[in-house]
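Notes to accompany the following structure.
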Amino acid sequence: MQNLIRFILKYHFILLFVLIQSLSLTLMFQHNYYQKSLAVNTVRNIKGYINGRIFSFREYLKLRELNEKLLNENYQLRNQLMNSYLSVVAEPFSEFDSVYSKQYSYIAAKIVSNSVNKQLNYITIDKGGIHGVEPEMGIVSSEGIVGIVKGVSNHYSTVIPVININLRISARIKDSGYFGSLFWDGKNPVRASLVDIPHHAKMNTGDKVITSGYSAIFPEGIKIGTITGYEIYGGNFYNATVELSTDFRNLSHVYVIKNHFREEQIELENTIQHD
Amino acid sequence: MIEVLPGNIIRFIVLVFIQVFILNNIQFMGQVNPYMYVLFILLLPFETPKWFLLVAAFTLGFSVDLFSGTPGLHSSATVLMAFMRPFVLNHFAPRDGYEPGTFPRAHYYGFLWFSKYASILIVIHHLALFYLEVFHFHNFFFTLWRALLSSAFSIILVILSQFFIYRR
């Protein structure tokens, strides 16, 4: 016993180092539990508040550009409105048809903090649990896909953007219809990689890449980007470079997407997995 | 020991604040993110007990982690750096050892001494941080380049702080 105590006293520095270092590494690997903890929610609220103040000032300086973007989006949306179409059939299409049930709702949100220069980038938005935001909801901007909600507190949420090396998104090439998986290689916030497209699929530079709609997070057909280059690797699959349509370095307003049928889809998919 | 405590606590809070709300939002050249908060560990008195060094490093790293959404990442890198500090200090010690009543600052031991001492520890911290962040060794040289580039900026900030804030 005495020897043990003497040993611990003699090597206390190294022993304590090993102990604390293992604690840190354990924390690192249990990231998901951490996201839900109370302390993190409190800190997220504080951080959201202070960053919101800083961001609202920077936003003021960008008002002209923002107005232009919103104007542009309004113009596109207006073109899609039913009442800008002239009916050419006898029975006009009705928006409020009991045949159609609304699947996606959108919640408008502002970004209060954002990073593009790390490998694990995160975005914080000013909408949280009381606004109806939940984890695993999709985030888009007027330019295209942004990311997926990771953690939610009362008034703020953190989002994993496409430019985080841990996020993979199911993507499809618009023209050929083949789908693969899109991820960020951690180098340039403007480009991502699209893999797992079989080599017999046709691929051209300039092809549009859109969401596949398989994940129950994003609706089908949301813009992701454009293919700027590709090569075949392993003989069977393409490895394509995609220029992202969203400019993450200059992002201020986003929409959170709520899928009203998500639970139904997941429940169904889970029952199949259990069999 | 007790009389330097309030100053160190204030420095802790100020450095974490600067790191989280200013430096983490810098988006310069796409790859650079200086981590100046390690200045706190660099400036702790020579007589700081070794166990306290590790505990302080963990608290510091964990505070930055809480605000960055990266649990354990900064804690781990900062604790490694604090572990190395006594060895680096020993290596650069003057012939008669460090005089009591002095602090590891440029003011007491000169800019050359401080730059060497700070650079080595900051590079250790940044290498650990950047490799833990990606957590694999492919893209080895790209990560190395990012770590060294950010280290350079952190070292510049830390040395500048000696000029402006701790001039006396």
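The values are calculated or read from the model by the stated rules, or taken from the named source; none is laboratory data. Everything numeric in this text was worked out from a predicted model, so none of it was measured. We place every Cβ from the backbone using ideal geometry, glycine too, and count neighbours over all the protein chains shown. Accessible surface is based on the protein model in full, side chains and every heavy atom, while ligands, DNA and RNA are left aside. Shrake-Rupley method; radii C 1.70, N 1.55, O 1.52, S 1.80 Å.
Summary of computed values
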| quantity | calculated |
| --- | --- |
| Exercise: per-residue mean of other protein chain Cβ atoms within 10 Å, B:57-70 | 5 |
| Label-point separation in nm, residue A:269 to residue A:106, each point 7 Å along Cα→Cβ | 2.4 |
| Estimated inter-spin distance, residue B:13 and residue A:220, nm [label 7 Å along Cα→Cβ] | 5.6 |
| Rounded tilt (10° steps) of B:73-91 against the dominant C-alpha axis of chain B | 40 |
| FRET E, pair residue A:14, residue A:193, Förster distance 60 Å, beta-carbon r, rounded to 0.05 | 0.90 |
| For the stretch B:2-164, alpha-carbon Rg over 2.2 N^0.38 Å | 1.01 |
| Förster-model FRET efficiency, 35 Å R0, residue B:156 and residue A:202, C-beta, rounded to 0.05 | 0.10 |
| Accessible area in square angstrom per residue, the protein assembly as shown, 1.4 angstrom probe | 54 |
| Of A:30, A:21, A:265, the one that fluctuates the most in a GNM where chain A has Cα springs shorter than 10 Å | A:21 |
| Estimated distance in nm for a label pair at residue B:145 and residue A:58, the labels positioned 7 Å out from Cα along Cα-to-Cβ | 2.5 |
| Modelled label reach - residue A:237, point 7 Å along Cα→Cβ, the stretch A:189-206 residues with backbone N closer than 11 Å | A:194-199 |
| On Cα atoms only, tilt of A:63-80 relative to the major axis of chain A in degrees | 50 |
| Across A:118/A:174; A:110/A:223; A:118/B:50; A:118/A:258; A:47/A:110; A:47/A:118, pairs whose alpha-carbon gap is larger than 22 Å | A:118/A:174; A:118/B:50; A:118/A:258 |
| Over the protein assembly as shown: Kirkwood hydrodynamic radius from C-alpha pairwise inverse distances, Å | 24.8 |
